[in-house]
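Here the structure comes first, spelled out in structure tokens, and everything after it is commentary.
The values are calculated or read from the model by the stated rules, or taken from the named source; none is laboratory data. As the structure is a prediction and not an experimental result, all values here were calculated from the model. Every residue, glycine among them, receives a Cβ derived from its backbone with ideal geometry; neighbour counts consider all protein chains shown. For the accessible areas, the whole protein counts, side chains as well, though only heavy atoms, and no ligand, DNA or RNA atoms are used. Shrake-Rupley method; radii C 1.70, N 1.55, O 1.52, S 1.80 Å.
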Amino acid sequence: MGEVKWMQEKKYGVMVHYLSNIQPRREKERFSDWNAMVDAFDGNRFADDVERMGAGWVIFPFGQNSGHYCSPNSILDGMVPGSCSRRDLMLELGTELKRRGIRLIAYLPSEMDSNTEEFRTKMGWDLDPKDKSVFQKRYEEVIREWAQKMGTLLDGWWFDGCYNAAEKDFLRTHGWSNERFDYGEWKAAACAGNPDAVIAMCPGAEAMGYAFREQDYLAGEANTLNHKPDGPLIDGMQWHCLIWLDCRWGHWKQAGEIEAPRFTDEELMNFYQGCKENGGAVTWNIGIYQDGQMAEKTVEQIIRLKPQFDIV
């Protein structure tokens, strides 16, 4: 199990769902394609805002299941040319954040159930409703390539979609579960560039459970503030909560302003204090536009609360 003391020392983190299907602030600002969108991302502005908020880490996606990724990968590009951006945004962000003493955690789904038919076919996802061993071997090579390229610029992973699929109505297929994983092989791929990288495997929202006892920290996906640690987790696993603060995980619906923060300063402060006093870590999910700018009102809220967060 990896060392996650830095989550205590670094106070809190920030996550964004920067994906190809998010929306611009204004319709006239919509980008023509994925490369144009990624090319417009202002990495310095993003890092400045993260630093101003006092965040100790960033969870940022290589991609999700839209069929587009923000970092070149020879395996994905070989399967579906043009699926990866020309610009290596993840590598650039990792370099800039590391320069500022901010850690980077990569977000990636552990499945391809809702990805494009082309990716599902070429990655072997639909070969068997239950047995995903072919998919895992192919996907591990994708993960390994990114891990080796990023090296110690990548401090961890947050893997989504570690489901018992029969319990999830929103999924396309329902025959698979976490029995599909060889966790040891999965971890070896994810840590190929940094043996100290830490891993969370997310079994779904609100449950605050873990998919594997060997994982390093709790994924902690949450829709509410009703979660605080009530004691040590199994085998020293780090308790962690990831909570969305404005739009529901991402700016998905249509062009326009991202929703205002949904919690008051007092609500956020009480939640944060309850988590930290019991050894927990917190990541704030903040809405982000196509051009890479985070929701200003939410950024301002975290900056405003930073002096109080610092003394907890």
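A few points about this structure:
- Y12 in contact with a strand residue (DSSP E or B) (Cβ under 6 Å, 6 or more places away or on another chain), in contact (Cβ under 8 Å) with a residue 40 or more places away in the chain, surrounded by 15 or more Cβ atoms within 10 Å (Cβ to Cβ) and under 23 Å from T116 (Cβ atoms): no
- Among the candidates N164, N178, the residue that is farther than 26 Å from S74 by Cβ and either open to solvent by 40 Å² or more (accessible area, probe 1.4 Å) or in contact with a helix residue (DSSP H, G or I) (Cβ under 8 Å, 6 or more places away or on another chain) (or both) is uniquely N164.
- Test: G151 is open to solvent by less than 20 Å² (accessible area, probe 1.4 Å) and modelled with pLDDT of 95 or more: yes
- Beta carbons closer than 9 Å, at least 6 apart along the sequence or on distinct chains, pair a first residue in segment 221-233 that is assigned to a loop (DSSP other than H, G, I, E, B) with a second that is at pLDDT below 95 and polar (S, T, N, Q) for K228/N278; P229/N278; D230/N278; G231/N278.
- Residues in segment 70-87 that are part of a loop (DSSP other than H, G, I, E, B), free of Cβ contacts under 8 Å to residues at least 40 places away in the same chain and surrounded by 18 or more Cβ atoms within 10 Å (Cβ to Cβ): P72, S83.
- Those residues of segment 270-297 which are outside any loop (DSSP other than H, G, I, E, B) and under 18 Å from the mean Cα position of the chain (by Cα), in sequence order: A281, V282, T283, W284, N285, I288, M294
- Any hit, segment 55-67, residues being open to solvent by 60 Å² or more (accessible area, probe 1.4 Å) and in contact (Cβ under 8 Å) with a residue 12 or more places away in the chain: no
- Any chance I258 is at pLDDT 95 or above and under 23 Å from A165 (Cα atoms): no
- Selection within segment 93-130 - more than 17 Å from the chain's Cα centre (by Cα) and among the charged types (D, E, K, R): E96, K98, R99, R100, D113, E117, E118, R120, K122, D126, D128, K130
- Enumeration of residues in segment 259-269 that are open to solvent by 80 Å² or more (accessible area, probe 1.4 Å) and assigned to a helix (DSSP H, G or I): E266, E267
- Against the conditions (1) buried (at least 19 other Cβ atoms within 10 Å of the Cβ); (2) assigned to a loop (DSSP other than H, G, I, E, B); (3) more than 15 Å from the chain's Cα centre (by Cα), L19 satisfies every one except (3).
- M90 passes every criterion in (1) under 24 Å from E185 (Cα atoms); (2) open to solvent by less than 10 Å² (accessible area, probe 1.4 Å); (3) free of Cβ contacts under 8 Å to residues at least 40 places away in the same chain apart from (3).
- Taking each residue of segment 130-159 that is more than 15 Å from V198 (Cα to Cα) and looking for partners that are open to solvent by 50 Å² or more (accessible area, probe 1.4 Å) and not hydroxyl-bearing (S, T, Y) with beta-carbon atoms closer than 7 Å, six or more apart or interchain, yields V134/L127; Q136/D182; E140/E185; K149/L91.
- Close Cβ contacts (under 8 Å, 6 or more residues apart or on different chains) running from residues in segment 38-49 that are under 14 Å from L91 (Cβ atoms) and assigned to a helix (DSSP H, G or I) to residues that are β-branched (V, I, T) and open to solvent by less than 70 Å² (accessible area, probe 1.4 Å) comprise A47/I102.
- Among the numbered conditions (1) at positive phi; (2) not in a loop (DSSP other than H, G, I, E, B), the only one that G204 does not meet is (2).
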